[in-house]
1. If you go through the stretch 53-84, how many residues are among the small types (Gly, Ala, Ser), farther than 27 Å from Val101 by Cβ and in contact (Cβ under 8 Å) with a residue 12 or more places away in the chain?
2. Would you check if there is a residue in the stretch 165-174 being surrounded by fewer than 24 Cβ atoms within 10 Å (Cβ to Cβ), at pLDDT 95 or above and touching a Gly at 6+ places or on another chain (Cβ under 7 Å)?
3. List the number of the failed condition for Glu326; all other conditions in (1) part of a helix (DSSP H, G or I); (2) at pLDDT below 95 hold.
4. Restricting the stretch 238-267 to residues that are part of a loop (DSSP other than H, G, I, E, B) and aliphatic (A, V, I, L, M), which is surrounded by the fewest Cβ atoms within 10 Å (Cβ to Cβ)?
5. Looking at Arg354, Arg348, can you tell me which residue is surrounded by fewer than 19 Cβ atoms within 10 Å (Cβ to Cβ) and of a type in the set (Lys, Arg)?
6. Quick one: in the stretch 357-375, of everything that is farther than 23 Å from Asn188 by Cβ and surrounded by fewer than 16 Cβ atoms within 10 Å (Cβ to Cβ), which residue is nearest to the chain's Cα centre (by Cα)?
7. Please go through the stretch 265-310 and pick out each residue that is among the β-branched types (Val, Ile, Thr) and in contact with a Ser or Thr (Cβ under 9 Å, 6 or more places away or on another chain).
8. Test each condition in (1) within 30 Å of Thr236 (Cβ to Cβ); (2) touching a strand residue (DSSP E or B) at 6+ places or on another chain (Cβ under 7 Å) for Ser84 and report the one that comes out false.
Amino acid sequence: MPEHNQVLNFAAGPAKIPTAVLEKAQSELLNYDNTGMSVMELSHRSKTFGKILSEAKANLTSLLNIPDNYEILFMQGGGTTLFSAVVYNLLAAKGKPDAPVDYCVSGSWSQKASEEAKRLGANVNIVFNSKKSTGSYTTIPPESEWKLSGPDAAYVYYCDNETVHGVEFPSVPTVDPSVPLVTDMSSNILSRKVDVSKFAVIYAGAQKNIGPSGVTIVIVRKDLLTPLQSASEIPTGGLVVPQMLDFKTLADNDSLYNTPPTYAIYMSGLVFKHMLENGGVDKYTEVNDRKASKLYQAIDNSKIYKAPVATGFRSNMNVPFRIYPEPLEAEFLKGAEARNMVQLKGHRSVGGIRASIYNAMGEDGVDALVAYMKEFEAQHQG
């Protein structure tokens, strides 16, 4: 079997982690900081782990320039659990359980988020659903066509980058400044510069563009942290926030209300430090733009490859494409694996090919994929 750094891992998540980070974790696996224990064995309430946690928060703050009026939380349950947590916490902060909640549906993950909000009984307003308006999740309609609820809304929700369909918002949506803006950045956090102050809540499952699965990063504005209430204390029809989904409970306890995913937090902290040592988000933005440009150019200049997403909304992180005739896709994937290019198969719901080129995927990896694509096309032309 090839060594780890000989495999080009294009998985959408759990995804590639920088080799230098894995080597650092390997060197500390059995004995972290001369404790005689692995990080996995440390008490989450020990001074040693407290230092790991505080350094991870400080480094993430530096990477994203997070203002002082925000809390960083480390939660469990992945981005999917945040579908529910957002509903509970933002409606509690609004204080009106029947307030509309606005959802921009640009792909399967925002669709799932809106469905969960409906299931919980929230008053869901669909701002737009690109599949219903165009027949597919391949674009984002102009803001002039959006149907926002205005200042009455408890929040506006969108998924900044749809991992399955490869649709990415080119900029932050314009909403009423009095309405909290919530975004799922699971698959593009830290890949480009972002003004955190424009958001009420940013969350991201770590397993795509940060580190291992098991932890979800939540960046929440402090004024939205609402005291926990019981059923007898809230208006009729209001949602009782489960304690383990309550942002204020987690903030008050520095994400240590119960045992957090300690090793995943440690690994995420190593990635944050690695990024700072390698130019920070500015440098990664530059490289990511270049990687995506090379790959999309190879697709657009081809006679057999086609990118379904409209120009202007194409993801820099998840690049889906089809091969025509479609039976060639299986052959392409087989040839890729023979060249140690793995996990290129598209999501089961859409098929095709998908190359996830997160921060940890070097430019040389994208160059190798492009070279193979050109070789494959040359073999199958006319």
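The values are calculated or read from the model by the stated rules, or taken from the named source; none is laboratory data. No experiment lies behind these values; they were computed from the predicted model shown. All Cβ positions, glycine included, derive from the backbone under ideal geometry; neighbour counts span all protein chains shown.
1. Of the stretch 53-84, the ones among the small types (Gly, Ala, Ser) are 54, 56, 58, 62, 77-79, 84.
Next, only the ones that are farther than 27 Å from Val101 by Cβ stay: 54, 56, 58, 62.
Those still in the list that are in contact (Cβ under 8 Å) with a residue 12 or more places away in the chain too: 56, 62.
So the answer is 2.
2. Yes, the stretch 165-174 contains a residue that is surrounded by fewer than 24 Cβ atoms within 10 Å (Cβ to Cβ), at pLDDT 95 or above and touching a Gly at 6+ places or on another chain (Cβ under 7 Å).
3. It is condition (1) that Glu326 fails.
4. Val240
5. Testing whether each residue is surrounded by fewer than 19 Cβ atoms within 10 Å (Cβ to Cβ) and of a type in the set (Lys, Arg) leaves just Arg348.
6. The residue in question is Ala371.
7. Initial filter on the stretch 265-310 (among the β-branched types (Val, Ile, Thr)): 265, 271, 281, 285, 287, 299, 304, 309.
Listed by number, the residues that qualify are Ile265, Val281, Thr285, Val309.
8. Every listed condition holds for Ser84 apart from (2).
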